[in-house]
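Here is the structure we will look at, set down as structure tokens.
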Amino acid sequence: MGNAASSWYNKGQRGGVRETFSAGAACRRGRTRHKAGEGWGQWFRGRFPFLSGVFELFGIMKRDNVYNRPSGGFWGAGAPRGSDAASWRRTEPLESVRPRQQAQPQRQNFQERQRESTPPPPTKVEDDSRQKTRKINQCDSPATAERTMQPRCEEEGGLTDLEKTFLTVKVPPTDVDVPPRVEHIIAPKEGIASDVISESLDLPTWFIKELIRFGAVYACPVHPLPPESMSPTPEQLDRLKHIRRETMKTFGRHHNLQQPRRLTTDSTLTIYSYVRVHVHPKRFPAFYRYNWSERIVWEGSGCVVVNKPPGCQVCSRVDNSLESVCAWVTAELNLRDELMTTHRLDMGTEGVVVLAKTREFASYFNRTICKKDRVKKVYRALTEDPPELGRLIHYMMVGQRGPGEPAHTVICEGDEPASLYAELVVLRVNRVKLTGEAEEAWGSEAFETLIELKTGRTHQIRAQLAAVGCPLLGDNLYRAVVSNENTLMEGGGLEGGEPKLSYVAGQCDCIGLQAYRLEIHDSRAPDYFGRNAPRMFEAGVPWWRAAW
């Protein structure tokens, strides 16, 4: 039986086409009693099960090597009935079913093409770079990776892009120029987040754990719909829709399941989970320059008042929750729950900021600070030219941005629709001497202006002083807005519909502005601040006049 089958198989090969016989043909030859819908291969396997393994070993009865048709298939089972039958197609290219003598020249041509397309061997410099990168990938901790990279930095004076990526999580941060990088992943399997992401991005596990510690990794069980700016290909969109249907069958269709949440621990990811990784988190070296116990102005039962240094962000960023004023003061005071923001200061602004310990205090202070007669805010501003004393009133539109520009506030010609009323009072102007970094950057003298803020619009003081020809020292953003220079571009374009911001780890963004004094004039303040709490909080000497 085996010889007859082999001879018949070779006859089909010599003919140049693998013939497909149905079980009905075998019935007409009188070899079997055919059942409706049963293929010849099914009958053969049922009649001679002890020979099935032998034929499959030589590739004769493999289903992948045949024409899959509703009539039965060559040495295979019959196709399914109904709509599934029409989807069966031949699964092997035409070259595989041609005679052996015709396939040989094509195989030689393929070998020649493969030989021609083989890249040249790497040079000695490239090979050394790959070996050193491989050693860094094999490190099990940031300290080990730093010791591995240190000799190379000293010897060659340069780092590869991968080594710069590893330095983005170094504590304290180094002066390394790395552009933003965001990776979107669909978890190929279930497992620990650091292991799954490490395999997907080909990055060491210790580096992914550091990104999770920085709060730069987000995940959700159901893949969200891609934004219109991403414009995926039809194949990618079909695959995404299939994955969404499968995950929704398991977890449901609630919109919360499609919102990426920050991973605070190295938790387990389910298969097909959506993961967003900010590989190059923005760093803030200013956090490591100050003694934070000296920056705490007052601590009560419901809040903490802090003199925020310049160059530090109050709340966490999307790619960095570790380096924020809330996180650092929480660690300094050894509090159980992280402090909450009640109002904000710009990253380059120094001064008094109130952080809440409880949600009750945060709700109270948010309502109180919006009332003009309850809270008084006084600022110090450093300018090259002195502004005039008195009241400044403008109408402005906040959050404006063009392609590739950072968000900024625009002064309107008049009371236009959607514009906001802004008012401040210039109380006093003095000429002061600068020290330290301010003297190196802006000279030995400048004008310090005392300002009472009547309304609290975004970038109000910066925009209004720039509008009257007295921009703050160090405020390059509103200098460009007033002078109409095309210098708002921070990265040269857009990426994913968002501004592509440049990243410099050693850059300290400091401007000449200080939130000098905060006065509370509310009858219920003692109930939230405390009976013995002061009604006025001051920041002290501004950083541009401080002794370095």
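The values are calculated or read from the model by the stated rules, or taken from the named source; none is laboratory data. Everything quoted here is computed from the prediction, not taken from an experiment. Cβ: placed from backbone, ideal geometry, glycine included. Neighbour counts: every protein chain shown. The accessibility values were calculated without ligands, DNA or RNA, using every heavy atom of the protein model including side chains. Shrake-Rupley method; radii C 1.70, N 1.55, O 1.52, S 1.80 Å.
Suppose we take every Cα in region 216-345 and form the convex hull; what volume per residue is that in Å³?
It comes to 161 Å³ per residue, whole-number rounded.
Regarding region 305-450, what's the average projected area of the Cα-atom convex hull, expressed in nm²?
12.1
With a ≥ b ≥ c the root eigenvalues of the C-alpha gyration tensor of region 154-206, is it rounded (a/c under 1.5), prolate (a/b larger than b/c) or oblate?
It is prolate, given that a/c is not under 1.5 and a/b is the larger ratio.
Rounded, prolate or oblate for region 327-379? Axes are the square roots of the Cα gyration tensor eigenvalues, ordered a ≥ b ≥ c, and the cut-off for rounded is a/c under 1.5.
oblate
For region 373-462, what does the relative contact order come out to in percent, with C-alpha contacts under 8 Å and a separation of six or more?
With pairs under 8 Å counted, the relative contact order is 38 percent.
Kindly sort Ser321, Ser293 by accessible area of their heavy atoms, largest first, with the probe set to 1.4 Å.
From most exposed to least exposed: Ser293, Ser321.
Using the per-residue mean of other Cβ atoms lying within 10 Å as a proxy for protection, in what order, highest first, do the peptides 538-546, 365-373 fall?
In decreasing order of mean packing, 538-546, 365-373 become 538-546, 365-373.
Computed over the Cα atoms, what is the radius of gyration of region 256-319 divided by 2.2 N^0.38 Å, N being its residue count?
1.62
Assuming a ≥ b ≥ c are the square roots of the Cα gyration tensor eigenvalues, decide whether region 229-284 counts as rounded (a/c under 1.5), prolate (otherwise, with a/b larger than b/c) or oblate.
oblate
Can you send over the carbon and sulfur percentage of the accessible area for region 401-447, probe radius 1.4 Å, protein chains only?
Accessible surface attributable to carbon and sulfur in region 401-447 totals 48 percent.
Could you report the accessible area of Lys376 in Å², rounded to 10, computed with a 1.4 Å probe on the protein chains as they sit in the structure?
About 70 Å², rounded to the nearest 10.
At 0.36 nm per residue, minus the direct Cα-Cα distance, what do Asp195 and Val410 gain on full extension? Give it in nm, one decimal, please.
72.7 nm
Would you kindly state how much longer the chain becomes between Thr264 and Phe251 on full extension, computed as 0.36 nm times their sequence separation minus their alpha carbon distance, in nm to one decimal?
Residue separation times 0.36 nm, minus the Cα-Cα distance, leaves 2.5 nm.
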